[in-house]
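Only one structure is covered here, and it is reproduced in the block below.
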Amino acid sequence: MRFPTLLRCAVAAMLGLSVFAGAAVAEPLAKDLFGAKKLPAVAAPEAFGFYSKGCFAGGMAIARDGPHWQAMRLSRNRRWGHPQLITLLERLSREAAQDGWSGLLVGDISQPRGGPMLTGHASHQLGLDADIWFTPMPARRFTDRERENVSAVSMLKGDSLYVDDRKWTPAHEAVLRRAAGYPEVERILVHPGIKKKLCDTVRGDRGWLGKVRPFWGHHYHFHVRIGCPPGSTGCRPQDPPPRGDGCDKSLDWWFTDEPWRPAKGPAKPKARDIMTMAALPAACRVVLDAPSPPSEMAVTLGGDGTIAQASSQAPAPDLPVLGYQAFDPASVLSAIPGSRVPRPSSRPDLQ
């Protein structure tokens, strides 16, 4: 009679595994939950977690057009970030123009509440990362269709690891130098070939080069990352870059075969494709459930010299554990000094 007993036990175990597997499948992915949010969480600006595993509240959008910028890939709804990053991008666009850069083409920043993205980046989850195209802004405004389909230009020569000197200009160096000069910026990621180009050509002050780090990809755009903002006690900082300008043996490694060898064995699933809310900080559940502002314009840094104001606002969540208080998203914009507000400019109607 032992065999039937073992059989019953085996069947019971298999049923238990089936229930467990069903529960695991039923758990929604964090990327789907955060990707469905169209507006930020009404709360004091705060980042929670790490750049590749977190979220943020109190987000602000950069306008689709400013005097010295245009936002690209509008359909992705990734023009959102912590207010400190959004105001820094406006400042970079304005000051880089004084250096000879015609304007920023702004790529992905973050989803309205951060979190894992439906596609693309592993990072960009805290509203503290932004991609800027190496293609300078043209004199005209792109149409919506062009913003979806126009491609950035690679700075490399063919399939090599080296910069094409016909594409690289002093203005490219200048915009990177300007961005690296801001104390809030901790890292700028570029292709190793671009890092080498800077190492070979930058004269005078080279201290800022230490922030410019080589990384895979990033030959079409550069990635600006700021540190954990004041007040974001739940934000986990990244280790500071190594000392020096980075033009040493660590850069030489990128020009060996090792970094470019295909990975061996079966491909591992991307973190975003398996990450559930349990993997994120507990505060992210609260961020996900927080109310939205009355409109996108109520929390958008405008490009026409005016500050958008909310006519009404959703009530702030009662979240004493996280230290949230009643918060008007427009108050962040109103607090920007006049010198930091974008100057008016004539803009053609967009089709």
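The values are calculated or read from the model by the stated rules, or taken from the named source; none is laboratory data. Computed from a predicted model, the values in this text were never measured in an experiment. FYI the Cβ positions are ideal-geometry reconstructions off the backbone, even for glycines, and counts take in every protein chain you see. What goes into the accessible areas is simple: the full protein's heavy atoms, side chains included, and nothing from ligands, DNA or RNA. Shrake-Rupley method; radii C 1.70, N 1.55, O 1.52, S 1.80 Å.
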Considering region 32-56 alone, what residues qualify as being part of a loop (DSSP other than H, G, I, E, B) and either closer than 30 Å to residue 141 by Cα or open to solvent by 10 Å² or more (accessible area, probe 1.4 Å) (or both)?
36, 37, 38, 39, 40, 44, 45, 52
Which residue is surrounded by the most Cβ atoms within 10 Å (Cβ to Cβ), if the candidates are limited to region 253-304 and must be part of a loop (DSSP other than H, G, I, E, B) and of a type in the set (S, T, N, Q)?
292
Restricting to region 240-252, name every residue that is at pLDDT 95 or above and open to solvent by 70 Å² or more (accessible area, probe 1.4 Å).
252
Report, by residue number, each residue of region 213-250 that is out of contact with any His (no Cβ under 9 Å at 6 or more places or on another chain) and of a type in the set (A, V, I, L, M).
224
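Residue by residue, here is whether (1) touching a helix residue (DSSP H, G or I) at 6+ places or on another chain (Cβ under 8 Å); (2) among the hydrophobic types (A, V, I, L, M, F, W, C); (3) farther than 22 Å from residue 122 by Cβ; (4) open to solvent by 50 Å² or more (accessible area, probe 1.4 Å) holds:
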| position | (1), (2), (3), (4) |
| --- | --- |
| 182 | yes, no, yes, no |
| 192 | yes, no, no, no |
| 195 | yes, no, no, no |
| 210 | no, no, yes, no |
| 227 | no, no, no, no |
Cβ-Cβ below 8 Å, separation at least six or inter-chain, first residue in region 143-168 and without any contact (Cβ under 8 Å) to a residue 60 or more places away in the chain, second of a type in the set (A, V, I, L, M, F, W, C) and not in a loop (DSSP other than H, G, I, E, B): which pairs?
157/163; 162/156; 163/156; 163/194; 164/156
Answer from 99, 108 - the residue that is within 23 Å of residue 171 (Cα to Cα) and without any contact (Cβ under 8 Å) to a residue 40 or more places away in the chain:
108
So residue 158, is it open to solvent by 50 Å² or more (accessible area, probe 1.4 Å), within 15 Å of residue 225 (Cα to Cα) and not aliphatic (A, V, I, L, M)
no
